[in-house]
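Taking it in order: structure first as structure tokens, then the write-up.
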Amino acid sequence: MILNTELEYKGNLFPSNIIAFEKNLDTLNFTTANGVILQITVLRDSVLRFRYSTTGSFENDFSYAITKYASRGYNHLEVKEENDKYIILTSKLKCEINKTDLRTAIYEAKTEQLLCEDELGFHWEESYEFGGDIVKMSKVSQEGESYYGLGDKPADVNLKGKRFENWVTDSYAYGKHTDPIYKTIPFYTALHHKKSYGIFFDNTFRSYFDFCQERRNVSSFWAQGGEMNYYFIYGPDMSEVVANYTDLTGKPHQLPPLWALGYHQCKWSYYPESKVKEITNKFRELKIPCDAIYLDIDYMEGFRCFTWSKEYFPDPKRMVKELADDGFKTIVIIDPGIKIDHEYSVFKEGLDKDYFCKRADGPYMKGKVWPGECYFPDFTNPEVREWWSNLFQELIEDIGVKGVWNDMNEPAVMDVPGKTFPDDVRHDYEGNPCSHRKAHNIYGMQMARATYQGLKKFAYPKRPFVITRAAYSGTQRYTSSWTGDNVASWEHLSIANIQAQRMCMSGFSFIGSDIGGFAEQPNGELYARWIQLGIFHPFCRTHSSGDHGDQEPWTFGKNITDVVRKFIELRYELLPYLYTCFWRYAEEGIPMLKSLVLYDQEDTHTHYRSDEFICGEKILACPILEPNAKGRRMYFPKGEWYNFWTDEVVEGGQELWADADLDSMPVFVKAGAIIPKYPVQQYVGEKDIDELKLEVYFKLGKETSEVYEDAHDGYDYIKGRYSLRNFTLNGEKNQLVIQQHKSGKYTTPYNTFKVQLHGLPFKIKKVIIDKVEYSIKDLKIDENNAFVIEKDFTDLHIL
Ligand code: GLC
């Protein structure tokens, strides 16, 4: 028989009627008769924060996700009280709070269009087992509403009809719909009636999202502990929602060095040194560009972090230098597990200083990873992060390693249920002590942050480069990432495509997949198709487990090698374009890849599209996802698109066939675009860039393009030493005008542009550059409409 009256409290509890309201600058508190407080903070006219307490007061307000650089400030804030509700007005939003039950509804201020409305709204269950609450929120799903985002979920781009869990998990060989996997990004964007808003549920406990799976007209999210604490972010454009979310959780603190946007080669594992050299030499011999070579766990002595195997790598400093002389940056893996070995200095130091995680009752958190039994640094303690960052001094400053790859930082533990720490493990959490239930989802993020701090310090004056597997919202400030242990299958190629788009739409653009697949082995065709997709991803690396054979560009015979080379060369040509996209992302939070819905949300055809995407602003790409294909059908967003290979122009707003034999891929360029290109190099910096190629795609009408450049590494760009060229193209029936506006103090090493005109509808008679007239002969305009001009023109008329 149940005697304990506490059990009565099991089940959902709800706020009652509002009895008090208080306004303190931008923060509004509504208190109910049963002691619930809703605190709304107006961060910006389009960003509201909702925080609920069921205990009459709030815990210390701390978040790993929110950056201190987030913009704040609004133009208008007004609160009105009516009989049944309070109304908050900003210049963009109107938010109503129901007096009887605390439910909220948010409208666009200008049009009074309903954007987002509570269904049950906030409710909770007391957690008998752990204390605190299980916090819940449900919203009415509006007619035609669709949902996007949520990080690395391997589901279709549109999340409608699905339920997801957020709990960072090592997921070897995950499949489509496996959930959860490596990352927790509890942020989604919603779209209905052509308007988009986003919700970021900043709660690090195990959390869930339901997008109309349980009930057709309800979306909901909840977490197993912590606060109901979410940000409502209004667009109306989805790209603004994502940009505002990225502003809140942070943009990359630096641009990556340009070489990091080059091609990377990895395997588990290249060893000994002679094998590494064999691989790098082969790249140069076959003239396949490559900038980075990775050392996986076998470079260490018994998998002890910050050591080198004397047998396989007797003189790492010399080797790293020789590789660097040949243009290769060496990147090494570092996992969180520190081998229990009383002779091992990192272990001894960690133990002496009390830096390892402990169980609730005092013993160390002991778990098996590659080195055997390990202890794990508590990266949620700033002092531990500082210590960790200093461990990189020798690797980076002395040996010359250029990047660090953080893996297994979910944290992954082998041979235990749940594959991670037990719930009771304690964490410092920046002086807000808590259990692993709260710290789990941010553990990997804090490890990557500590690693980043080390690289930043010791790589200086060069820029740091870090890659992580686990992540929470905000991790994009410190590091790049890959999508974990995928599989060499056609389905996984499609998953990689979606995951990269989704990560970009979740504020994390520096992302790529293990090209070719980590587990199992692709055939040449699959590998070639994967490379074709991969060169359009911000992070471009082949990696494989090595269990099933080799996976280098030359593994699959000459035909495939030629295709792979052709596409990696294209990536190197497009480096200034990709770098400009990265700069835009780092400046404004604009995603580097855009699903079609983000590119044109007004066009409902885009709402369910997953295969096609826009790389940057101007390139439309669509991978071939099937064997034996000669092309595929794909949807073209509205507007005109040039076939990248043939210059044929396609009218968008329809689904059409695109040819793509194995040596090709559907790639299109937006009419009016100006795409900058560098010459093919075997690695960044191999050649002096003595000319910038501008591919100009004619359009009837106006279009703007930009090219961002700087020294490609270092921090001078922050002091204004960058070069930004804004081009405005204006095409008419018999003339084309290109205007250039240049800003920044960096002088690019080249003096001229090679202009290549595409799709010009008239025959050139003359050209006027800054009011000076030139004939075809003067400019040596060739039969393909290419010519060279001085780089600093402001006004170019082609007549
Ligand atoms: C994990 C990583 C993989 C790596 C392997 C060995 O499976 O995800 O990328 O190669 O560990 O370190």
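Charge tally for H605 (other residues, Cβ to Cβ under 12 Å; Lys, Arg +1; Asp, Glu -1): -3. Scanning residues 5 or more positions from V218 or on other chains, those with amide H under 5 Å from its amide H are S141, C212, with H placed 1.01 Å from N in the peptide plane. The mean accessible area for residues of the chain, using a 1.4 Å probe and ignoring ligands and nucleic acids, is 37 Å² per residue. Rounded to the nearest 5, the antiparallel percentage of DSSP beta bridges internal to the chain is 85%. For the residue pairs K94/K195; K733/K780; K733/K765, alpha carbon separations beyond 20 Å are given by K733/K780. Could you tally the net charge around K321, taking each other residue with its Cβ under 13 Å from the Cβ of K321, Lys/Arg +1 and Asp/Glu -1? Result for the neighbourhood of K321: -1. Here K366 is the anchor, and the lysines within straight C-alpha reach of less than 25 Å, apart from those fewer than 8 places off in the same chain, are K183, K339, K348, K353, K358, K419, K438. Take the Cβ atoms of Q739 and A711, set R0 to 30 Å, and the FRET efficiency comes out at 0.70.
Amide H contacts under 5 Å for T468: N406, S480, S481, W482, restricted to partners 5 or more places along the chain or on a different chain, H placed in the peptide plane at 1.01 Å from N.
Expressed as a whole percent, the proportion of Cα-Cα pairs in the chain lying more than 48 Å apart is 21%. Here the Karplus relation 6.51 cos²θ - 1.76 cosθ + 1.60, evaluated at θ = phi - 60°, turns the backbone of segment 210-218 into coupling constants of 10, 10, 6, 7, 6, 10, 4, 10, 10 Hz, with x for every Gly and Pro.
In a DSSP loop and with at most 13 other Cβ atoms within 10 Å, the GluC sites (Glu not before Pro) in segment 160-269 are E214. For segment 705-735, the set of trypsin sites (Lys or Arg not before Pro) satisfying both a DSSP loop assignment and a count of at most 16 other C-beta atoms within 10 Å is given as R721, K733.
For K630, the aspartates and glutamates whose Cα falls under 16 Å of its own Cα, not counting residues fewer than eight places away in the same chain, are E525, D659, D661, D663. A Förster distance of 51 Å, applied to the separation of the beta-carbon atoms of K638 and D423, puts the FRET efficiency at 0.50.
Per atom type, the chain shows carbon and sulfur on 47% of its accessible surface, probed at 1.4 Å.
Taking 19 Å as the straight-line reach from the Cα of K329, the lysines in range (excluding those fewer than 8 positions away in the same chain) are K267, K275, K277, K282, K287, K317, K321, K402, K456, K457, K462, K687.
Net charge of the neighbourhood of T747, taken over other residues with C-beta under 13 Å away and scored Lys/Arg +1, Asp/Glu -1, is +1. Largest accessible area first, the listed residues D423, D352, D792 line up as D352, D792, D423 when surface is computed with a 1.4 Å probe on the assembled protein chains.
Backbone phi angles across segment 275-287, fed through the Karplus curve with coefficients 6.51, -1.76 and 1.60 (θ = phi - 60°), yield HN-Hα couplings of 5, 4, 5, 4, 5, 5, 4, 5, 4, 5, 5, 8, 6 Hz in residue order; Gly and Pro are listed as x. Summarising the amide proton neighbourhood of A658: residues at separation of 5 or more, or on other chains, whose placed amide H is nearer than 5 Å comprise R632, R633, M634. Shown for segment 98-218 is the translational diffusion coefficient from the Stokes-Einstein equation, using the Kirkwood radius over Cα pairs, a temperature of 4 °C and a viscosity of 1.567 mPa s: 82 µm²/s. The phi torsions of segment 364-378, fed into the Karplus equation with coefficients 6.51, -1.76 and 1.60 and a -60° offset, translate into couplings of 5, 6, 10, x, 8, 9, 3, x, x, 5, 9, 10, 10, x, 8 Hz, rounded to whole numbers, with Gly and Pro shown as x. Can you give the Rg to Rh ratio of segment 665-799, both from alpha-carbon atoms, with Rh computed by the Kirkwood formula? Taking Rg over the Kirkwood Rh, I get 0.98.
The values are calculated or read from the model by the stated rules, or taken from the named source; none is laboratory data. The shown structure was predicted, so the numbers you read here are calculated from the model rather than taken from an experiment. All Cβ positions, even for glycine, are placed from backbone atoms using ideal geometry, and neighbour counts span all protein chains on display. Only protein heavy atoms, including side chains, enter the accessible area calculation; ligands, DNA and RNA are left aside. Shrake-Rupley method; radii C 1.70, N 1.55, O 1.52, S 1.80 Å.
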